[in-house]
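Colleague: Quick one: the structure is below, and I'll ask about it shortly.
The values are calculated or read from the model by the stated rules, or taken from the named source; none is laboratory data. These figures come from a predicted structure and were not determined experimentally. Every residue, glycine among them, receives a Cβ derived from its backbone with ideal geometry; neighbour counts consider all protein chains shown. Accessible surface areas use protein heavy atoms only, side chains included; no ligands, DNA or RNA. Shrake-Rupley method; radii C 1.70, N 1.55, O 1.52, S 1.80 Å.
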Amino acid sequence: MVALGVALGLLLPLVLWAHTHAGAGFRFASYIGDYMVLQKEPAGAVIWGYGIPEATVTVTLWREHETVMKKVTHVEAHSNKWMVVLDPMKPGGPYEVTAQQTFEKMNLTVGVHDVLFGDVWLCSGQSNMQMTVSQIFNAVSELANTTAYTSVRILSVSLNQAEQELEDLAEVDLEWSKPTAENLGHGSFEYMSAVCWLFGRNLYDTLRYPVGLVSSSWGGTPIEAWSSGRSLKACGVSKEGFTSLVSISGPSKHSVLWNAMIHPLHNMTLKGVIWYQGEANIDFNRDLYNCTFPALIEDWRQTFHLGSQGQTERLFPFGFVQLSAVLSDEDSDDRFPQIRWHQTADVGYVPNRRMPNTFMAVAMDLGDRTSPFGSIHPRDKQTVAYRLHLGARAVAYGEKTLTFQGPLPEKIELLADKGLLSLTYSQQIEVQRQDHEIFEISCCGDHQCKWLPAPMNTSSTQTLALSISSCPGAVAALRYAWATWPCEYKRCPLYHPKSSLPAPPFIAFYCKPDAWTSQQGCDDLVQ
């Protein structure tokens with residue numbers, strides 16, 4: 001192997017030069033490059049690119065000039081694509097990857113170096129995902145804290161639109177890189193996502209092996225732009241476009257971002273996805289979000305599973321951020337509460353039957369009144385990422401005893417003779433403060449219903465009593481934190497005592513004695 005080592009040592013400079021100058025004739029896919037992270041075992045990482053039709057391509061994985069594995073394939077005539085699936089690898093590195101094309105008497109080799117194996121996460125959404133580290137709280141110290149995380153590698157997809165599904169990215173803003181103050185804090189809403197970075201950093205602190213982060217997001221964009229035509233059709237979304245909507249500042253045409261910024265990644269082997277989006281749908285197709293969001297998750301899962309030759313799990317973990325608080329001039333504005341609810345497919349929590357293997361970070365208590373980017377862009381992305389990573393550890397990594405979501409009532413009991421509603425929670429609760437307005441009941445009488453406050457009364461470690469004496473009629477429903485701005489920063493009334501996770505918003509309908517449901521199936525009693 002000494003002779004091979006000397007030969008490879010001479011070859012690598014030529015290999016790396018070829019990677020830069022080979023052009024469209026023979027090359028890796030656009031997102032395969034130096035410093036990349038490939039998905040570790042039990043999955044096999046996919047390596048692919050373009051070449052001369054019918055040519056033979058040999059992909060070799062090297063470490064310290066020793067051959068680890070070789071895979072041989074051919075370039076498909078109809079697509080000019082070649083693809084191999086590497087054997088599952090343990091986390092670690094670094095490795096080199098070379099690909100050699102042989103066609104008649106021509107040989108050309110391209111390669112990348114300092115490749116690690118670990119877990120690869122895709123991060124997508126609109127501007128709250130797009131915000132960079134330079135825009136968040138404690139940005140200076142956060143940007144200085146990168147040297148310990150050189151095994152967390154980052155890639156940022158360029159902003160592009162396409163009318164048809166692209167097979168490869170048109171361009172990349174930030175090629176695979178080690179984290180630096182410059183590439184993490186590059187301007188506002190540019191390059192690398194703060195939520196994505198902080199999520200990956202938190203994961204690395206737990207996993208202690210490489211993490212790859214792919215950022216592909218665009219501010220002011222509705223879910224329809226990130227959805228395939230298939231998933232939109234499944235939800236009966238109108239083909240009509242968006243016109244003059246305040247909440248839409250980015251591309252809004254159906255599927256254009258799916259086509260250009262997500263589908264080109266579908267051959268990549270992933271561990272999972274995190275998502276932060278929804279604000280752009282408060283005024284358009286809001287009532288369909290309880291379908292379009294689960295449909296997007298299902299379609300992405302199917303596409304990435306097939307594109308990776310079955311290596312990306314069919315039901316890979318999918319995490320998302322439930323929308324934060326936003327200042328509003330309208331007292332009765334319930335657009336944001338509705339979107340928050342629809343983000344859970346109208347169940348109130350995840351995972352659930354319609355959204356399996358998902359996790360959620362509640363952010364309604366992270367409102368930022370003085371954000372220089374507007375209250376719709378809160379700066380505390382550290383807490384968002386921390387809550388997301390708890391969900392990933394529980395759902396994606398199987399930490400069974402980890403608390404990753406705040407308390408929700410498992411039983412609601414109407415004590416009419418005492419003028420109370422009794423809530424029993426599935427977890428311990430900490431009543432951080434009394435609040436007379438955050439719980440509301442739908443009080444019905446004279447053929448109409450009206451929402452009234454249900455003041456908090458007494459509480460114990462897992463129960464809470466609400467006063468309903470203000471209702472002279474029948475109680476038809478109960479809701480919690482159903483407001484655009486439910487509470488001040490980290491000052492909601494209810495949290496889990498140890499994890500400090502907030503109780504999420506919910507709405508429940510009273511159908512018959514001792515029977516409550518999160519679905520509105522009680523003859524539309526609540527107006």
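Colleague: Out of (1) open to solvent by 50 Å² or more (accessible area, probe 1.4 Å); (2) farther than 24 Å from residue 184 by Cα, the odd one out for residue 373 is which?
Modeller: (2)
Colleague: For residues in region 297-327 being under 18 Å from residue 128 (Cα atoms) and of a type in the set (Gly, Ala, Ser), which is surrounded by the most Cβ atoms within 10 Å (Cβ to Cβ)?
Modeller: 319
Colleague: Let me ask another. Can you tell me which condition residue 402 does not meet? The list is (1) open to solvent by 20 Å² or more (accessible area, probe 1.4 Å); (2) modelled with pLDDT under 95, and all the others hold.
Modeller: Residue 402 satisfies every listed condition except (2).
Colleague: Report, by residue number, each residue of region 271-296 that is open to solvent by 10 Å² or more (accessible area, probe 1.4 Å) and either of a type in the set (A, V, I, L, M, F, W, C) or not assigned by the TED database to the domain that holds residue 165 (or both).
Modeller: Once the filter is applied, which keeps residues that are open to solvent by 10 Å² or more (accessible area, probe 1.4 Å) and either of a type in the set (A, V, I, L, M, F, W, C) or not assigned by the TED database to the domain that holds residue 165 (or both), region 271-296 yields 282, 284, 288, 291, 295.
Colleague: Which one of the conditions (1) in a strand (DSSP E or B); (2) surrounded by fewer than 17 Cβ atoms within 10 Å (Cβ to Cβ); (3) over 29 Å from the mean Cα position of the chain (by Cα) does residue 433 fail to meet, given that it meets all the rest?
Modeller: Result: residue 433 fails condition (1) only.
Colleague: Could you please give the count of residues in region 375-393 that are of a type in the set (Gly, Ala, Ser) and closer than 15 Å to residue 132 by Cα?
Modeller: Counting residues in region 375-393 that are of a type in the set (Gly, Ala, Ser) and closer than 15 Å to residue 132 by Cα gives 1.
Colleague: Considering only residues that are closer than 17 Å to residue 408 by Cβ and not in a strand (DSSP E or B), look in region 448-464 and name the one that is most open to solvent (accessible area, probe 1.4 Å).
Modeller: 461
Colleague: Only one of (1) of a type outside the set (Ser, Thr, Tyr); (2) in contact (Cβ under 8 Å) with a residue 12 or more places away in the chain; (3) at negative phi is not met by residue 233, so which one is it?
Modeller: Just one mismatch for residue 233, condition (2).
Colleague: Can you tell me which of 111, 49 is outside the structural domain of residue 152 (by the TED database), closer than 21 Å to residue 312 by Cβ and in contact (Cβ under 8 Å) with a residue 12 or more places away in the chain?
Modeller: Going through 111, 49 in turn, the sole match is 49.
Colleague: Quick check on this structure: which one of 423, 414 is open to solvent by less than 40 Å² (accessible area, probe 1.4 Å), in contact with a Leu (Cβ under 7 Å, 6 or more places away or on another chain) and either assigned to a strand (DSSP E or B) or assigned by the TED database to the domain that holds residue 361 (or both)?
Modeller: One residue alone meets the criteria, 423.
Colleague: Of the residues in region 282-322, how many are touching a Phe, Trp or Tyr at 6+ places or on another chain (Cβ under 6 Å), aliphatic (A, V, I, L, M) and closer than 26 Å to residue 489 by Cβ?
Modeller: Within region 282-322, residues that are touching a Phe, Trp or Tyr at 6+ places or on another chain (Cβ under 6 Å), aliphatic (A, V, I, L, M) and closer than 26 Å to residue 489 by Cβ number 1.
Colleague: Let me ask another. Before we move on, is residue 484 in contact with a helix residue (DSSP H, G or I) (Cβ under 7 Å, 6 or more places away or on another chain) and outside any strand (DSSP E or B)?
Modeller: yes
Colleague: Oh, and also: What are the residues in region 350-370 that are in contact (Cβ under 8 Å) with a residue 12 or more places away in the chain, polar (S, T, N, Q) and open to solvent by less than 40 Å² (accessible area, probe 1.4 Å), if any?
Modeller: 358
Colleague: State which residue pairs qualify: first residue under 30 Å from residue 138 (Cβ atoms) and inside region 160-183, second residue of a type outside the set (Val, Ile, Thr) and open to solvent by 80 Å² or more (accessible area, probe 1.4 Å) in any location, beta carbons under 9 Å apart, and separation of 6 or more residues or different chains.
Modeller: As it stands, the answer is 173/190, since those pairs meet every condition given.
Colleague: Taking only pairs six or more apart or across chains, which ones have beta-carbon atoms under 6 Å, a first residue in region 469-496 that is at pLDDT 95 or above, and a second residue that is open to solvent by 60 Å² or more (accessible area, probe 1.4 Å) and assigned to a strand (DSSP E or B)?
Modeller: Close Cβ pairs satisfying both conditions: 495/430.
Listed here are the residues, each with its yes/no results for (1) of a type in the set (A, V, I, L, M, F, W, C); (2) outside the structural domain of residue 360 (by the TED database); (3) assigned to a loop (DSSP other than H, G, I, E, B).
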{"position": "440", "(1), (2), (3)": "no, yes, no"}
{"position": "466", "(1), (2), (3)": "yes, yes, no"}
{"position": "477", "(1), (2), (3)": "yes, yes, no"}
{"position": "504", "(1), (2), (3)": "no, yes, yes"}
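Yes/no matrix, rows are residues, columns are (1) at pLDDT below 50; (2) open to solvent by less than 30 Å² (accessible area, probe 1.4 Å); (3) outside any helix (DSSP H, G or I):
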residue: 15; (1), (2), (3): yes, yes, no
residue: 38; (1), (2), (3): no, yes, yes
residue: 42; (1), (2), (3): no, no, yes
residue: 48; (1), (2), (3): no, yes, yes
residue: 57; (1), (2), (3): no, yes, yes
residue: 67; (1), (2), (3): no, no, yes
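Colleague: Just the residues that are surrounded by fewer than 24 Cβ atoms within 10 Å (Cβ to Cβ) and either on the phi > 0 side of the Ramachandran plot or among the acidic types (Asp, Glu) (or both), please, taken from region 196-230.
Modeller: Step one: filter region 196-230 for residues surrounded by fewer than 24 Cβ atoms within 10 Å (Cβ to Cβ), giving 198, 201-202, 204-209, 219-220, 228-230.
Those that are surrounded by fewer than 24 Cβ atoms within 10 Å (Cβ to Cβ) and either on the phi > 0 side of the Ramachandran plot or among the acidic types (Asp, Glu) (or both): 205, 208, 220.
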